[in-house]
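Below is one structure, written out as structure tokens; the observations come after it.
The numbers here are math on the coordinates, done by the rules we state, and not lab data. Since this is a predicted model, take the numbers as computed values, not measurements. Here the Cβ is made from the backbone with ideal geometry for all residues, glycine too, and neighbour counts use every protein chain on show.
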Amino acid sequence: MNFNPKTWNYVSHRKQFFLLSGVLQIIGILGLLFLGFNLGVDFQSGTRLDIAIGKPFTEAEVAAELKQLNLEPGSIVTAGDNGERAAVRFTEPLNKEQIASVKNSFTKKYGDQVDIQESTVDPVVSRELAKNAMYALIWASIGIVIYVTVRFEYRFAIAGIIALLHDAIGVISIFSIFQIEVDLPFIAAILTIVGYSINDTIVTFDRIRENMKLHKVKRKADLEYVVNLSIQETITRSINTVITVLMASAALLIFGGESIRTFSLALTIGLFIGMYSSIFIASQIWLEWKAKEFAGNRITPTNNEAS
Amino acid sequence: MIKWSRIWAFSLIVILMFGVIGYTGLGVAKGITLGLDLQGGFEILYEVKPVHEGEKLDKGTLTDTVSALNRRVNVIGVSEPDIQVEGTDRIRVKLAGVTNQEQARKLLGEPARLSFLDPNGKELLTGDDLAKNGASVQYDELRRPYIALKLKDADKFKQITETYLQQPISIALDEKILTSPVVQSVISGGTASITGNYTVDEATELAGILNAGALPVEMKEIYSNSVGAALGAESLQKGIYASFIGIALIFLFMLLYYRWPGVIAIITLVVFMYLTLLVLNWMHATLTLPGIAAFILTVGMAVDANIITYERIKEELRSGKTLLSAVRAGQRRSLSTIIDANLTTIIAGIVLFYFGTSSVQGFAVTLMVGIILTLLTNVFGTRLLLAIWVRSNALRKPWYYGVKESEIGEL
């Protein structure tokens, strides 16, 4: 099949893309409802220790070592590029003496290169973090809606927000379905995706607005033509921009190390979904909505046509 | 005709910029404060409660606690402690580059309990009886430092000195006895002095601990995040490595896809990166690992301004315009798009900063600084360089702008 991004009709297939996205979103939301998240300590009380051992070890050894200290870990996972780290989760928060004792006993067993990264969160704080994340998403959405409404029109704003939520839900549900651990930087990633996805969408909207002035739009078919043309004209930019940012986020994912992995993974997935939604979903939603204006006109022909 | 003056002007600007960057770049990058996740350290959020039931926690108590914590941290010699009040009953402590984390955490977390003990170990007074900031360093006639104490209740202290005249009273911090001065006379003014063979530093430290110990609050760790120094260094090294790869890939892409304007984009991107680091340096912003991620991402976003402009120029070229008018039209028409797109991202950045905790805030700051600078370098910088170059009449073929001759239509 010959696919040329500059001539392909993005508008005539919109129903299929709506259906595809709708089905995937429903699966995603169901996944969220039934599977929930694999919450990191940032959102669940407890302690996470990243013990960089720097030597070969087994998870059983780590468990035995911790048992000597009367500590019962919830899970032990081998991590790091060469499996030189043990990520240990405790459902109960450890106090500072316990953390110090872990460091001492591992240093004794494996040598001075042992280093520990620790994070402990009280349930009160974790609930607040989750709440703040929700607020952040809501406020970011409101801010963007206001800005886009002022600069464009409210239909663009709402269509943009739907696309943006589509991207956020997409990434969130992938993390839920594959039970990838969710931590605080994950939220930063979601918000970056949100900012980035709207950025991408705006560029296409901007072209639609421009083309609306250049072409006489009187019927739904004209509108379809303009939207399709605008997507075709901005497609290279949409793809190229995402490619450059993807290069950055992929470099982070592959070379950036353990502590930033969740973040860069979420970002990489989100960029793909964001690219998809700005090309196949956002403008098409606006199109469907805007077309209603013409349907209205036909019933009451005396109305002045909206410009 | 190729106008060499234009080419010289272009080259001069580029050489000048790269000269400055080459000369100061490394210093600027090294001068940036690294977050605790990159140099090791810890962050603790404390919930502060009054020691005695029913006591109220006011703003003053919180600020006093913060200054007390600062003093305690100074005792162990941490250069730039970041200790702040959050909300109504919380204090967040961030210490980067601490060599002995366990010691620091112990010193911070446990409100040192100050007590005055009689020879049998019975507690006579506690830190509560010490006036706020009641311990200070004074000097006797021989310029020897001693610690002057001021007590809240002068009468109570008078009684004690009467009872224990000529007996030693120990002053203990937690379990540790600091000093056991012998009561020389009945003291009625509510002041006392602790003498001993102290150096000025020791006396200052002790006075600091005494004041800190006198705080009527209990602190509970409700969030903590600590990173060992070696792990921090590893994160930093990996972050830098990932940045290099990511940025190199972006440069390569721009060069191959946009050719000559791609070269200009690379020049402006280098300036962009330099300025971002410079601003972060000026702002004394702390660079965290998410901050490095944001930095690479802003490079990706900055280049978006070039891509939008270049795509527009290509469109204009294809429609048959001359190079000069295509560049002009392309730049003019892309500006509002770029501004709209970037402002929406700034909105997201502001929200992130407002709701985020420290590492996320580091990310948001870098993101916003980056976007604002993008407008300077990759919009106006690109405009300037491209405008000078286009007027030089060199490299005029559409190929250099990534457009095939066959694609150009009639105007």
Descending semi-axes in whole angstrom, ellipsoid equivalent of the protein assembly as shown, from the Cα gyration tensor: 60, 29, 25
Loop-located chymotrypsin sites (Phe, Trp or Tyr not before Pro) in segment B:138-204, at most 14 other Cβ atoms within 10 Å (DSSP): none
Shielding by partners - mean other protein chain Cβ count within 10 Å, residues of B:287-295: 4
Partner lysines for A:Lys216 [C-alpha distance under 19 Å; skip if fewer than 8 residues away on the same chain]: A:Lys290, A:Lys292
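Segment B:1-66: which trypsin sites (Lys or Arg not before Pro) are DSSP loop and have at most 10 other beta-carbon atoms within 10 angstrom? Each step should come with its number before you reach the end.
Numbers: sites: B:Lys3, B:Arg6, B:Lys30, B:Lys56, B:Lys59; in loops: B:Lys3, B:Lys56.
Answer in residue order: B:Lys56.
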Rg(Cα)/(2.2 N^0.38 Å) for segment B:275-411, N = residue count: 1.26
Vicinal HN-Hα couplings computed from phi for segment B:55-62 (Karplus, 6.51 cos²θ - 1.76 cosθ + 1.60; Hz; Gly/Pro x): 6, 8, 9, 9, 4, x, 4, 5
Likely footprinting exposure, A:Leu191, A:Leu223, fewest C-beta neighbours within 10 Å first: A:Leu223, A:Leu191
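Which is the longest stretch in chain B that no exposed loop site breaks, taking sites as GluC sites (Glu not before Pro) with a DSSP loop state and at most 11 other Cβ atoms within 10 Å? Walk me through the numbers before you get to the answer.
Numbers: sites that count: B:Glu53, B:Glu141, B:Glu175, B:Glu410.
Longest stretch, sites excluded: B:176-409.
Rounded to the nearest angstrom and ordered from largest down, what semi-axes does the equivalent ellipsoid of chain A get from its C-alpha gyration tensor (root of 5λ)? Don't jump to the answer; show the numbers that get you there.
On the way: eigenvalues 497, 74, 44 Å².
Working through the eigenvalues yields semi-axes of 50, 19, 15 Å.
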Most fluctuating residue given options A:Thr78, A:Thr204, A:Thr262, as computed from a GNM of chain A linking Cα atoms under 10 Å: A:Thr78
Cα Rg, Dmax (largest Cα-Cα span) when computed across segment A:175-222, Å: 18.3, 51
Per-residue [θ]222 nm for chain A (sum of -39500 (n - 2.57) over DSSP H runs n ≥ 4, rounded to 500): -23500 deg cm²/dmol
Environment charge at B:Leu151 (Cβ cut-off 14 Å; Lys +1, Arg +1, Asp -1, Glu -1): +1
Listed residues B:Ala394, B:Ala104, B:Ala233, most fluctuating in chain B (Gaussian network, C-alpha, under 10 Å): B:Ala394
Calculated diffusion of segment B:114-212, Stokes-Einstein form, Kirkwood radius summed over Cα pairs, 37 °C and 0.692 mPa s, µm²/s: 244
On Cα atoms only, tilt of B:200-213 relative to the major axis of chain B in degrees: 90
Calculated [θ] (222 nm, deg cm²/dmol) that DSSP helices of n ≥ 4 give over chain B, each run adding -39,500 (n - 2.57): -19000 deg cm²/dmol
Cα centroid separation - segment A:19-96 against segment A:202-237, whole Å: 48
Phi-based couplings in Hz for segment A:281-294 (Karplus 6.51, -1.76, 1.60; Gly and Pro marked x): 10, 4, 5, 5, 5, 4, 4, 4, 6, 4, 4, 4, 4, 6
Relative contact order computed over chain A (Cα-Cα under 8 Å; 6+ residues apart), in percent: 24
For chain B: relative contact order, % (alpha-carbon pairs under 8 angstrom, 6 or more apart): 21
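Which trypsin sites (Lys or Arg not before Pro) from segment A:155-263 combine a DSSP loop assignment with at most 12 other Cβ atoms within 10 Å? Don't skip to the answer; put the middle values down first.
On the way: sites: A:Arg155, A:Arg207, A:Arg209, A:Lys213, A:Lys216, A:Lys218, A:Arg219, A:Lys220, A:Arg237, A:Arg261; in loops: A:Lys216, A:Lys218, A:Arg219.
Those that pass, being in a loop and sparsely packed, are A:Lys216, A:Lys218.
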Among beta bridges that DSSP assigns inside the protein assembly as shown, antiparallel share in %, nearest 5: 95
Long-range amide H partners of B:Leu114 with built H, under 5 Å: B:Gly127, B:Asp174
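Report the local net charge at A:Pro5: Lys and Arg +1, Asp and Glu -1, summed over other residues whose C-beta lies under 14 Å from its C-beta. Walk me through the numbers on the way to the answer.
Details: positive: A:Lys6, A:Arg237; negative: A:Glu233, B:Glu311.
Value of the local net charge: 0.
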Residue among A:Gly31, A:Gly40, A:Gly143 with the largest mean-square fluctuation in a Gaussian network model of chain A, springs linking Cα atoms under 10 Å: A:Gly143
Over segment A:46-121, relative contact order from alpha-carbon pairs under 8 Å, at least 6 apart, %: 47
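For B:Tyr223, A:Tyr154, A:Tyr147, which order do you get if you count the other beta carbons within 10 Å of each Cβ and list the fewest first?
Working: B:Tyr223 25, A:Tyr154 13, A:Tyr147 19.
If I rank by nearby Cβ atoms, fewest first, I get A:Tyr154, A:Tyr147, B:Tyr223.
Taking beta carbons within 10 Å but only from partner chains, what does the mean come to for residues B:225-233? If you can, show how the numbers build up before the last one.
Details: counts 9, 9, 7, 9, 1, 8, 10, 3, 1.
That works out to 6 on average.
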Spread of Cα-to-Cα distances over 10 Å intervals beginning at zero, given as percent, for segment B:266-343: 17, 37, 28, 14, 4
Stokes-Einstein D in µm²/s, Kirkwood radius over Cα pairs - segment A:46-121 at 4 °C with 1.567 mPa s viscosity: 107
Exercise: per-residue mean of other protein chain Cβ atoms within 10 Å, A:257-267: 4
Farthest positive-ward along segment A:1-148 dipole, Cα basis, beta-carbon charges - from A:Leu69, A:Ser45, A:Phe106: A:Ser45
Cβ-defined net charge surrounding B:Thr288, 13 Å radius [Lys, Arg +1; Asp, Glu -1]: -2
In sequence order, calculated HN-Hα J values of segment B:361-377 (Karplus, 6.51, -1.76, 1.60; Hz; x Gly/Pro): 5, x, 4, 5, 4, 4, 4, 6, 4, x, 5, 5, 5, 3, 4, 5, 7
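Taking the beta-carbon count within 10 Å as an exposure proxy, list A:Met134, B:Met254, B:Met1 from fewest neighbours to most. Mind showing how you got there, number by number?
On the way: A:Met134 12, B:Met254 23, B:Met1 5.
Fewest to most other Cβ atoms nearby, the residues stand as B:Met1, A:Met134, B:Met254.
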